[in-house]
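Data block below; observations after.
The values are calculated or read from the model by the stated rules, or taken from the named source; none is laboratory data. Bear in mind that the values here come from a model prediction, so they are computed numbers and not experimental data. Here the Cβ is made from the backbone with ideal geometry for all residues, glycine too, and neighbour counts use every protein chain on show. Surface areas here come from the heavy atoms of the whole protein model, side chains and all, with no ligands, DNA or RNA. Shrake-Rupley method; radii C 1.70, N 1.55, O 1.52, S 1.80 Å.
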Amino acid sequence: MPMSGIKEFKRLKAIAKKTQCKIKLSTRRGLPFILDRYRKRKIFFLFLGLVMCLIYIESKYVWNIDINGLDRIPEEEILAELAENGLSVGTKKSKIVPKAIINSIRLKRDDIAWMNIDLRGTNIIVEIAETTEKPDIIPLDENCNIVAKKDAEIVKITANSGTALVKVR
C-alpha cells in the first residue's frame, strides 16, 4: 500500500506496534524521508541558507574592474574617471548605466576614440581604443619640400608657382 508522507508512516508504525506487527519498507525515497534523516542538523541547514543568501547578495555588486587597450593613458586616470561617474569596486550593479558613463568619459577626453563597458558576473571589463596622434598639418600658403621615402622616377612635374628643383627623366 503506497503512502503519501512520513507522517502517515509514523502513524502506521504506532498502530503496528500496538497490534504487534512488523512493517518492512521496500524503498525509502522522496523528500520527506530525506528531511527526516537530517532533522537533527538544523544548524547546518541554517548556515547553508545563510551562506547562500550572502553569495546572492554579494553577486549584486562589482568586485573587479579590468581595463584593456591602454598604451599611452595611465590606468589610474581611467579608474579615477570611472569612479567620478559612479563605477568603482563595491558599486551595486543595478545602479550602473554603461552608456551614460561611456558618453561622459568620451566627452571629457579627446584621447579616447572608442570605449565599451561590459558587465560579466561581478566583473566589469572596460575596453578602450585610444586615438592616434594627429600629424602636423602645414598650411596651404606655406612653402615646403616634398621628400620621398623610397627611390622613385619622376614622371611629371606641375609647379603652379615657383620653379621646380628637379627635372623629369
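On the given criteria, is Lys60 open to solvent by 100 Å² or more (accessible area, probe 1.4 Å) and farther than 30 Å from Lys10 by Cβ?
Considered against the rule, which asks whether it is open to solvent by 100 Å² or more (accessible area, probe 1.4 Å) and farther than 30 Å from Lys10 by Cβ, Lys60 comes out as no.
Does the stretch 77-93 hold any residues that are under 16 Å from the mean Cα position of the chain (by Cα) and in a loop (DSSP other than H, G, I, E, B), and which are they?
Within the stretch 77-93, Gly86, Leu87, Ser88, Val89, Gly90, Thr91 qualify.
From the list Ile101, Ile124, Ile128, pick out the single residue that is within 15 Å of the chain's Cα centre (by Cα) and part of a helix (DSSP H, G or I).
After ruling out the rest, the residue left standing is Ile101.
Is it true that some residue in the stretch 84-94 is surrounded by 12 or more Cβ atoms within 10 Å (Cβ to Cβ), in contact with a Pro (Cβ under 6 Å, 6 or more places away or on another chain), farther than 30 Å from Gly162 by Cβ and not basic (Lys, Arg)?
no
Condition first: assigned to a helix (DSSP H, G or I), exposed (fewer than 13 other Cβ atoms within 10 Å of the Cβ) and in contact with a helix residue (DSSP H, G or I) (Cβ under 9 Å, 6 or more places away or on another chain). Now tell me which residues in the stretch 105-119 satisfy that.
Result: Lys108, single match.
Out of Ile78, Ile137, which single residue is open to solvent by less than 90 Å² (accessible area, probe 1.4 Å), aliphatic (A, V, I, L, M) and either at pLDDT below 95 or touching a helix residue (DSSP H, G or I) at 6+ places or on another chain (Cβ under 9 Å) (or both)?
Ile78
Hey, does the stretch 97-104 have a residue that's open to solvent by 80 Å² or more (accessible area, probe 1.4 Å), out of contact with any Lys or Arg (no Cβ under 7 Å at 6 or more places or on another chain), among the aliphatic types (A, V, I, L, M) and at pLDDT 90 or above?
yes
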